[in-house]
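Note sheet for the following structure.
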Amino acid sequence: MATPYPRRPADEAHRLQALRPYQLITSIPDALFDDLIRLTATLFDVPIAIVALVEESTVQFRLNVGLPDGTAQEPRDESLCSVAILQDDPTVFENLETDPCELAEPGFVQRMNLQFYAGSPLRTADGFPVGVLCVIDRLPRLFGAEEQQQLGRLSEIVIRLLDLRIKSEKDGTLSPGTTLWAGLYDQIEASVNRLGTLAELAKWEESANTDAAVAYRQSTQEEIGRVLDALHEQISAQLQ
């Protein structure tokens, strides 16, 4: 039987053309984007989070937390991100050992000992999937509808923030030292700290069903909603 690899979007040529501006970003303010990807890992309580660009033959890890040093890319045909860009909604594999992906070669997943993957496509304003925001774990885990919705919202924020970076490089109006970048950085840093505090407090509870534990989970969800709303509002205002 013929191999199922590789799978490509129907309009691959135009997708690669749409990808080009994102490949050329040269001055991403490290502190802001590093904290953004750290926030992503914190929001979903995973050890690995990645902003990946799906190129013609490789997948480039432009931003990541949790990968071994020097892991900058993977072959496209071994990448779950190459599968995630084929979907409109997040692509989720809750247990890659018992339910592996049949549309990608298993090499990278096996080498990295990955068990869980959830990835939401980064779509341009014209609808082209140029990359993926993904969260990964080395243990199986559940990933419900609310978490998938949050990942989708966060992927929209990431692509809009990249669009803002491209805009700033073209017109020179938004340098990394501007009030906007500083405000975004402060918003993300504050949320990372609050979520970390809530997670630490929850660890002291005897069970996940105590009143305090339930309150911590509720506060965590409220904080996630607040930071997503605030980031979306600030970035949308600048792009308009």
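Structure notes:
- The single condition among (1) under 26 Å from E146 (Cα atoms); (2) touching an Asp or Glu at 6+ places or on another chain (Cβ under 9 Å) that N64 does not satisfy is (2).
- Scanning the range 36-58 for residues that are on the phi < 0 side of the Ramachandran plot and more than 12 Å from the chain's Cα centre (by Cα) yields P47, V54, E55, E56, S57, T58.
- Within the range 161-207, the residues that satisfy the criterion of being polar (S, T, N, Q), farther than 27 Å from D45 by Cβ and either in a loop (DSSP other than H, G, I, E, B) or modelled with pLDDT of 75 or more (or both) are S168, T173, S175, T178.
- Boolean, A118 is surrounded by 21 or more Cβ atoms within 10 Å (Cβ to Cβ), in contact with a helix residue (DSSP H, G or I) (Cβ under 7 Å, 6 or more places away or on another chain) and at pLDDT below 95: no
- Restricting attention to the range 29-52, the residues being touching a residue at least 12 places away in the same chain (Cβ under 8 Å) and in a helix (DSSP H, G or I) number 14.
- Residue check for V135: in a loop (DSSP other than H, G, I, E, B), under 23 Å from G196 (Cα atoms), of a type outside the set (K, R) and touching a residue at least 24 places away in the same chain (Cβ under 8 Å): no
- Applying the criterion of being in contact with a Gly (Cβ under 7 Å, 6 or more places away or on another chain) and within 20 Å of R141 (Cα to Cα) to the residues of the range 52-88, the residue that is surrounded by the fewest Cβ atoms within 10 Å (Cβ to Cβ) is L80.
- Considered as a group, the residues in the range 110-119 that are part of a loop (DSSP other than H, G, I, E, B) and among the aliphatic types (A, V, I, L, M) include one that is nearest to P68 (Cα to Cα), and that residue is M112.
- Inside the range 124-144, residues that are within 15 Å of D88 (Cβ to Cβ) and more than 12 Å from the chain's Cα centre (by Cα) make up a count of 6.
- One residue from G131, G107 being within 21 Å of N64 (Cβ to Cβ), among the small types (G, A, S) and surrounded by fewer than 22 Cβ atoms within 10 Å (Cβ to Cβ): G107
- For the range 120-132, a residue qualifies if it is in contact (Cβ under 8 Å) with a residue 40 or more places away in the chain and in a strand (DSSP E or B), and the qualifying residues are L122, P129, V130, G131, V132.
- The one condition from (1) more than 21 Å from the chain's Cα centre (by Cα); (2) buried (at least 17 other Cβ atoms within 10 Å of the Cβ) that E206 does not meet is (2).
- For the range 208-240, a residue qualifies if it is over 15 Å from T42 (Cβ atoms), polar (S, T, N, Q) and not in a loop (DSSP other than H, G, I, E, B), and the qualifying residues are Q218, Q234, S236, Q238.
- Selection count, the range 61-109, where residues are outside any helix (DSSP H, G or I), acidic (D, E) and within 19 Å of the chain's Cα centre (by Cα): 5
The values are calculated or read from the model by the stated rules, or taken from the named source; none is laboratory data. Being a predicted model, the structure only gives us computed values, none of them experimental. As a convention, Cβ positions derive from the backbone with ideal geometry for all residues, glycine included, and neighbour counts pool all protein chains shown.
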